[in-house]
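Readers should treat all values here as calculations from the given coordinates under stated rules, not as data from a laboratory. These figures come from a predicted structure and were not determined experimentally. Backbone-built Cβ (ideal geometry, glycine too); neighbour counts: all protein chains shown.
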Amino acid sequence: MLKRFAPHAVLLACFAVFLSPVWLPYLEALVADRPDLPPDRSYGLSAVETTGSIRSNRTRTAELRADSRGHFEVQAQINGHGVGVMIDTGATSVALRFEDAARLGLHAEPEDFSIPIATANGGTRAARAILQEIRIGNIRVKNVEALIVPAKALTTNLMGMSFLKRLSKVQIAGSKLVLEE
C-alpha cells in the first residue's frame, strides 16, 4: 500500500517546494504582527553576530535570500529610516530615488544634478549625497557616498558598490547572499 501512495507524496512535496515562493510572503504576513519578531526583520534576511576564532574582533553578518526573480531585496535603515533597496553589484554607488531621498531629508536642487550616470532606463544626471549611516541587519556602515537620481528614473533604490566595497565580505552562493562587516 505504501508503494501505491509514494509517487503521489513525492509529487505533492515537489509541488509544495515549487510554489513556496508564491505562498511564503502570505505566510510571513500572517506572523508579521507577532511581538516576538524583531521590528527590523525583513523577508529573506537574517543577521548573525559572531566572534572571530583567531582574534577577539567581532564580525557582523547578514544573510539574504533571493526573491522569486533572483534579486536580493531588503529593508535597509538609511539615516535611521526604513528604505527598501535591491543589492546591485553592477551599480557603482548607492542610488536613491528622488522621492526616497527627500523622505530621508536629503534635498537636491535642479542644479545639483550634475553627475552623468547610465541606468537600465537610459542616461540621466544625478546629485551627490553622503549618507550618515546604512544598516542592513546588524551591519552598520557610516558616511557612505550615494547618488540621488531624478524622480521616476529608478523603480527601486540600489545598494551599490559604494556600500558593498566597505564590507569585508560579499559572497553569493546559489540563492543566498552573505554580507559581512
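Here are some notes:
- Pairs, first in contact (Cβ under 8 Å) with a residue 40 or more places away in the chain in region 81-105, second part of a strand (DSSP E or B) and surrounded by fewer than 19 Cβ atoms within 10 Å (Cβ to Cβ), C-beta under 7 Å, six or more apart: GLY82/GLN75; GLY84/GLN75; SER93/GLU145
- Residues located in region 117-147, provided they are under 23 Å from LEU179 (Cβ atoms) and not aliphatic (A, V, I, L, M): GLN132, GLU133, ARG135, GLY137, ASN138, ARG140, LYS142, ASN143, GLU145
- If you go through region 128-142 and keep only what is closer than 13 Å to ALA95 by Cβ and surrounded by fewer than 13 Cβ atoms within 10 Å (Cβ to Cβ), you end up with nothing.
- Qualifying position, being under 16 Å from LEU64 (Cβ atoms), surrounded by fewer than 18 Cβ atoms within 10 Å (Cβ to Cβ) and touching a Ser or Thr at 6+ places or on another chain (Cβ under 6 Å), among GLU180, GLU145: GLU180
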